[in-house]
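Trainee: I'd like to ask you about the structure that follows.
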Amino acid sequence: MTSDQQQASTATLTKPTDREIHVERVFDAPRDRVFAAFTDPKLIPEWWGPRDTTTVVDQMDVRPGGSWRFVIRNSDGSETGFRGTYREITPPERVVQTFEWEGMPGYVSVETATFEDLGDCTKVTTTSLFHTTEERDGMLESGMERGLNESYARLDELLARPASR
């Protein structure tokens, strides 16, 4: 990994508007592998969520109109769910989906993830659009950034393993 890629190992998080969170992160893997990690229900449990949790894919129908639901089990046995609906799937370039944390039902954001081919690396850019500034700020205050960076570090580990054929 180059020094530029090592610097990119933490997601860059910005607030371009009063209702958006913008995240950029470079992964040391080809775009097809990164896109698969985001869209393959067998791979999600290997990286999605903080290190001290276990993620179970309850539902994942990766097509426009399809639903997804992941349940995170904490070390104390408690669970929390996340769900949404896929709006657009353009392999291996783009995923648009809704995102709702079941701990705050009714607060639904729209996430657009793009996967930019950088040769041996892939830049993932995610923009989350919320209904209000308060909803956006609530997501930031929830520990989202820590969970995101832990998930992405776990994804780095998954992508560093040889690809299964």
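The values are calculated or read from the model by the stated rules, or taken from the named source; none is laboratory data. Since the structure is predicted, the reported quantities are computational estimates derived from the model, not experimental observations. With ideal geometry, Cβ positions are generated from the backbone for all residues, glycine too; neighbour counts draw on all protein chains shown. Ligands, DNA and RNA are excluded from the accessible area calculation, which covers all protein heavy atoms including side chains. Shrake-Rupley method; radii C 1.70, N 1.55, O 1.52, S 1.80 Å.
Trainee: If you take the residues in the range 120-147 that are in a strand (DSSP E or B) and open to solvent by 40 Å² or more (accessible area, probe 1.4 Å), which one is farthest from Val26 (Cα to Cα)?
Mentor: Of all residues in the range 120-147, those in a strand (DSSP E or B) come to 122-129.
Okay, now just the ones that are also open to solvent by 40 Å² or more (accessible area, probe 1.4 Å), so 123, 129.
Working: Lys123: 4, Leu129: 21 Å.
Looking at the filtered set, the residue picked out is Leu129.
Trainee: Go through the residues of the range 59-71 one by one and say whether even a single one is touching a Pro at 6+ places or on another chain (Cβ under 7 Å) and aliphatic (A, V, I, L, M). Break it down into steps so the answer makes sense when it comes.
Mentor: Filtering the range 59-71 down to residues touching a Pro at 6+ places or on another chain (Cβ under 7 Å) leaves 60.
Then drop every residue that is not aliphatic (A, V, I, L, M), which leaves 60.
There is at least one residue in the range 59-71 that is touching a Pro at 6+ places or on another chain (Cβ under 7 Å) and aliphatic (A, V, I, L, M).
Trainee: OK, next. Report whether or not Thr98 is assigned to a strand (DSSP E or B), of a type outside the set (A, V, I, L, M) and open to solvent by 30 Å² or more (accessible area, probe 1.4 Å). First the steps, then the outcome.
Mentor: Numbers: assigned to a strand (DSSP E or B): yes; of a type outside the set (A, V, I, L, M): yes; open to solvent by 30 Å² or more (accessible area, probe 1.4 Å): no.
No, not satisfied.
Trainee: Taking the range 1-20 as the region of interest, how many residues are among the aliphatic types (A, V, I, L, M) and modelled with pLDDT of 90 or more? Give the steps one after another, and end with the answer.
Mentor: Within the range 1-20, the first condition is being among the aliphatic types (A, V, I, L, M), and the residues that meet it are 1, 8, 11, 13.
From what is left, the residues that are modelled with pLDDT of 90 or more are 11, 13.
Going through the range 1-20 one residue at a time, the tally reaches 2.
Trainee: Write out, first by first residue and then by second, each pair whose Cβ atoms fall under 8 Å of each other, whose residues are 6+ apart or on separate chains, and whose first residue, in the range 97-110, is free of Cβ contacts under 8 Å to residues at least 60 places away in the same chain and farther than 19 Å from His22 by Cβ while the second is open to solvent by 50 Å² or more (accessible area, probe 1.4 Å) and basic (Lys, Arg).
Mentor: Close Cβ pairs (under 8 Å, with a partner that is open to solvent by 50 Å² or more (accessible area, probe 1.4 Å) and basic (Lys, Arg)) amount to Glu100/Arg83; Glu102/Arg83.
Trainee: What single numbered condition from (1) in a helix (DSSP H, G or I); (2) modelled with pLDDT of 95 or more fails to hold for Ile89?
Mentor: Going through (1) in a helix (DSSP H, G or I); (2) modelled with pLDDT of 95 or more one by one, Ile89 breaks only (1).
Trainee: I would also like to ask the following. Considering only the range 44-55, how many residues are more than 14 Å from the chain's Cα centre (by Cα) and crowded, with 16+ Cβ neighbours inside 10 Å?
Mentor: Initially, the range 44-55 is screened for residues more than 14 Å from the chain's Cα centre (by Cα), giving 51-54.
Then keep just the ones that are crowded, with 16+ Cβ neighbours inside 10 Å; that gives 53.
The total comes to 1.
Trainee: Being over 12 Å from the mean Cα position of the chain (by Cα) and of a type in the set (Phe, Trp, Tyr) is the filter; apply it to the range 80-114 and report the residue that is farthest from Gly143 (Cα to Cα).
Mentor: Of everything passing the filter in the range 80-114, Tyr86 is farthest from Gly143 (Cα to Cα).
Trainee: Now for a separate question. Taking Ala113 and the conditions (1) hydrophobic (A, V, I, L, M, F, W, C); (2) closer than 23 Å to Phe27 by Cα; (3) part of a strand (DSSP E or B); (4) open to solvent by 20 Å² or more (accessible area, probe 1.4 Å), which numbered condition does it fall short on, given that it satisfies the others?
Mentor: (4)
Trainee: Looking at the range 31-43 only, could you name the residues that are open to solvent by 50 Å² or more (accessible area, probe 1.4 Å) and in contact with a helix residue (DSSP H, G or I) (Cβ under 9 Å, 6 or more places away or on another chain)?
Mentor: Arg33
Trainee: Considering only the range 5-21, state which residues are open to solvent by less than 70 Å² (accessible area, probe 1.4 Å) and closer than 23 Å to Gly119 by Cα. Reasoning before the result, please.
Mentor: Step one: list which residues in the range 5-21 are open to solvent by less than 70 Å² (accessible area, probe 1.4 Å), which gives 5, 8-9, 11, 13-14, 17, 20-21.
Scanning the range 5-21 gives Gln5, Ala8, Ser9, Ala11.
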